[in-house]
1. Which FRET efficiency value, to the nearest 0.05, is calculated for Thr236 and Ile123 with the Förster distance at 30 angstrom and r the Cβ-Cβ distance?
2. Arrange Lys99, Lys426 by Cβ neighbour counts within 10 Å, fewest through most, would you?
3. Calculate the spin-label point distance for Leu425 paired with Ala295, positioning each point 7 Å from the Cα along the beta-carbon direction, and give it in nanometres.
4. For labels at Phe195 and Ser259 in the simple 7 Å Cα→Cβ model, what's the distance in nm?
5. Mean Kyte-Doolittle hydropathy of 0.0 or higher plus an axial Cα length of 30 Å or more: which whole DSSP H helices in the chain meet both?
6. First check a/c for region 69-221, with a ≥ b ≥ c the square roots of the eigenvalues of its C-alpha gyration tensor; if it is under 1.5, answer rounded, and if not, answer prolate when a/b is larger than b/c or oblate otherwise.
7. Over the C-alpha atoms of the chain, what are the Rg and the largest Cα-to-Cα span, Dmax, in Å?
8. Of Leu448, Leu26, how do they rank once you tally other Cβ atoms within 10 Å and put the fewest first?
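Just so it is clear, none of the values below were taken in a lab; they were calculated from the coordinates. All values derive from a computational prediction rather than experimental measurement. Because the Cβ atoms are built from the backbone with ideal geometry, glycine has one as well, and the counts that use them run over all protein chains shown.
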Amino acid sequence: MSQGYLLGLAAMAIAVLLVLVIRFKLSAFVALLLVATGTALAGGLPLDRIIPTLTEGMGRTLGSVAIIVGLGAMLGKMIEESGGAERLAAAFTQRLGVKRVIAAVTAAAFVLGIPVFFDVGFIILAPIVFGFAKVANINPLKVGLPVGAALLAVHVSVPPHPGPVAAAATIGSDVGLMTMLGIVACIPVAVVGYFITKVMKLDAVELLPSPASQSQRGSVEEIVTRPGPGAGTVLTLILVPLGLIMVGTTGALLVESGSIQSRLLSFIGAPVFALMVGVMLAFFMVGIRMKWDLARRSSVLDSALDGVAIIIFVTGAGGVFANVLVETGVGTAMSDLLTGLGMPILLMGYVIALALRAAQGSATVAILTTAGLVVAGVQVAGYSPVQMVLITLAIAFGGMGLSHINDSGFWIVTRYLGLSVANGLKFWTLLTTICSVVGFAVVSLLWLVV
């Protein structure tokens with residue numbers, strides 16, 4: 001089939017997907033499967049290859065995503081259920097001082113956001129934002145907005161979150177290396193988000209009633225002294241898996257490939273093993289501090305899977321669509337066109353993801369769809385492992401920007417901070433877009449270095 005036909009097919013498939021999700025409110029899981037099937041038919045795949053292609057896409061994606069996302073959710077649930085997130089934020093504030101409340105809670109949110117999903121992390125921290133803002137006598141938006149930006153940056157770019165994990169699986173990026181570089185890239189994004197809110201005119205913003213503002217969390221001192229895991233325990237639970245991943249990824253580069261040491265380091269640094277260690281540490285450390293019996297600990301772990309089931313299925317359906325784009329040749333046609341236009345692969349991935357994010361709202365869907373569109377060009381270009389990770393991160397930061405009314409995260413932020421829709425667009429949408437651009441700029445600088 002001609003390049004023009006395949007590109008038109010891609011545009012039509014994405015347009016139909018947007019209409020199904022936005023106009024008809026169809027489940028993203030069902031919409032992705034329907035569009036993938038239609039694209040396969042229109043793209044000329046033989047009838048006996050369509051279902052196997054769908055199944056392969058689902059299996060390939062979930063084979064990498066399901067375990068990591070599930071274990072990450074379990075670790076986050078143990079921290080959330082035990083009140084560890086509150087104590088982490090309170091401890092940061094106590095150490096840095098009330099005058100540095102914004103920096104303290106933003107830093108705590110950055111660390112907490114690694115294993116905890118954006119919406120869960122923000123809902124947990126929103127009441128703390130109001131409590132600490134009251135202690136420091138500042139507008140809660142000055143704390144809540146940079147907290148949200150830090151959580152979102154980590155959510156779109158750092159495993160074990162589903163978007164970056166699934167995109168890495170589609171493109172073939174190393175998840176351990178992506179974890180390390182993703183955290184490095186997110187640090188300046190969070191710092192810029194912190195300073196951007198300082199220059200925003202937030203003092204005069206009138207806040208609407210918010211469930212977070214009505215929640216009583218107590219003083220910083222009272223939160224810190226509550227029974228349960230302290231900040232040190234929470235940091236241990238988060239940093240031990242990250243440390244194992246870093247040791248495995250960097251150590252494997254320093255020893256002979258294929259040696260016993262190399263295989264051992266690869267095993268230790270595998271995100272699945274690292275997260276299993278984190279979950280088991282939480283099972284014992286949190287369980288003992290909270291005085292939970294074994295049945296209670298297991299029920300907390302199992303309850304985490306209920307919340308991520310829909311995320312895992314939608315992620316898998318995104319993998320189905322991505323595989324169809326590859327098998328029909330759409331991805332190759334897109335790559336050939338943009339290569340002919342001279343658009344760099346890094347910019348191409350970022351722009352497509354940003355456009356899809358604005359159009360349909362879901363960062364995960366935007367990241368997954370973009371990964372499917374660019375994977376053909378990435379695989380034939382012979383990029384190094386670091387470059388492949390940077391391409392994936394460029395796509396991820398494209399999925400961060402332009403959060404607005406079709407994004408569930410937009411409504412969580414505005415509802416819990418008491419922002420009107422107009423002010424949400426004025427402040428939150430602007431902030432996510434600026435942070436998105438900063439993330440892409442950092443990735444571009446890293447690209448020049450490597």
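1. Working: r = 24 Å, r/R0 = 0.79.
Rounded to the nearest 0.05, the efficiency is 0.80.
2. Numbers: Lys99 10, Lys426 15.
So the residues, fewest neighbours to most, are Lys99, Lys426.
3. 5.3 nm
4. A separation of 4.3 nm, rounded to one decimal place.
5. 47-81, 175-199, 231-254, 294-327
6. Values: a/c = 2.08, a/b = 1.62, b/c = 1.28.
It is prolate, given that a/c is not under 1.5 and a/b is the larger ratio.
7. Rg, Dmax (Cα atoms, Å): 21.8, 67.
8. Ranked by crowding around the Cβ, least crowded first: Leu448, Leu26.
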